[in-house]
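Participant: Please see the structure below; I have some questions.
The values are calculated or read from the model by the stated rules, or taken from the named source; none is laboratory data. What you see is a predicted model; the values in this text were computed from it and never measured. Don't worry about glycine lacking a Cβ; one is built from the backbone with ideal geometry, like all the others, and counts go over all protein chains shown.
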Amino acid sequence: MNVKTLIKQATVALNFPTVISNFILFARAIFTAMLNNPYFKASAEKVTRLGTHIEALYNAETACNTKPPTGSVDARNAALEAVKADLKSLRNDVQEAADANPDNAIAIITSASMDVKKPASHGKQQNSAENGIEEGSVELTAEGAGAHEWRMSTDEKIWTLLPSTYTSKTTVSDLTSGTIYFFQNRRMLRNKEKSEWCQSIKVRIR
């Protein structure tokens, strides 16, 4: 069953350059674009942290390229991963801001110096529940990126909360084979706000 929850008008794309010098320029462009950007006031602390980590990466990369090197590749790679983690977290913030203001979604995304993902030919991801590889398990997918809450029921009256996730997918195990279950999810937004629970998705466990 295809159901409707929070509809995204545009999706943020974060395409990391593979050359580290280019990656640093890429990260700095996002830092500059998001610094004091009125769309992302709530992300100010993250943006500041990004700036600190970019400079640490620049220094680590410079140390690796001196002759002889004064820094290790492992230290440079650790600094690189820190910047990537910052950018991924900020991407989620940009996506939430775009979702909350669909009329200006593209302008919001580009104001952060991030790209708008082109829609896939197979269409937008839908809420779904499919039997998993292991017997008694189900694979759940939610419409919309980012963190989600999940719950399940056998009668759509009494609901059992499932572990929350930072992504739009989760796996539920130890279910009773032959039983029909109903699953719902909802987006976890900024400032502890949440979207409405989506319509139930029904699946018989094999």
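Participant: Please go through (1) in contact (Cβ under 8 Å) with a residue 24 or more places away in the chain; (2) hydroxyl-bearing (Ser, Thr, Tyr); (3) assigned to a helix (DSSP H, G or I) for residue 113 and return the number of the only condition it doesn't satisfy.
Facilitator: That leaves (3) as the condition not met.
Participant: Looking at this structure, is residue 199 surrounded by 11 or more Cβ atoms within 10 Å (Cβ to Cβ), touching a residue at least 40 places away in the same chain (Cβ under 8 Å), within 17 Å of residue 125 (Cβ to Cβ) and not assigned by TED's automatic domain parsing to the domain that holds residue 90?
Facilitator: Yes, satisfied.
Participant: Let me ask another. If residue 173 satisfies all but one of (1) closer than 13 Å to residue 129 by Cα; (2) at pLDDT below 90, what's the number of the condition it fails?
Facilitator: Among (1) closer than 13 Å to residue 129 by Cα; (2) at pLDDT below 90, residue 173 violates only (2).
Participant: Looking at 50, 35, 87, can you tell me which residue is under 30 Å from residue 171 (Cβ atoms) and either at pLDDT 95 or above or of a type in the set (Val, Ile, Thr) (or both)?
Facilitator: 87
Participant: If you check residue 168 against the conditions, is it small (Gly, Ala, Ser), surrounded by 12 or more Cβ atoms within 10 Å (Cβ to Cβ) and under 30 Å from residue 44 (Cα atoms)?
Facilitator: In short, yes.
Participant: Moving on to the next point. Which one of 50, 57 is surrounded by 13 or more Cβ atoms within 10 Å (Cβ to Cβ), under 21 Å from the mean Cα position of the chain (by Cα), among the aliphatic types (A, V, I, L, M) and assigned to a helix (DSSP H, G or I)?
Facilitator: Of 50, 57, the one residue that is surrounded by 13 or more Cβ atoms within 10 Å (Cβ to Cβ), under 21 Å from the mean Cα position of the chain (by Cα), among the aliphatic types (A, V, I, L, M) and assigned to a helix (DSSP H, G or I) is 50.
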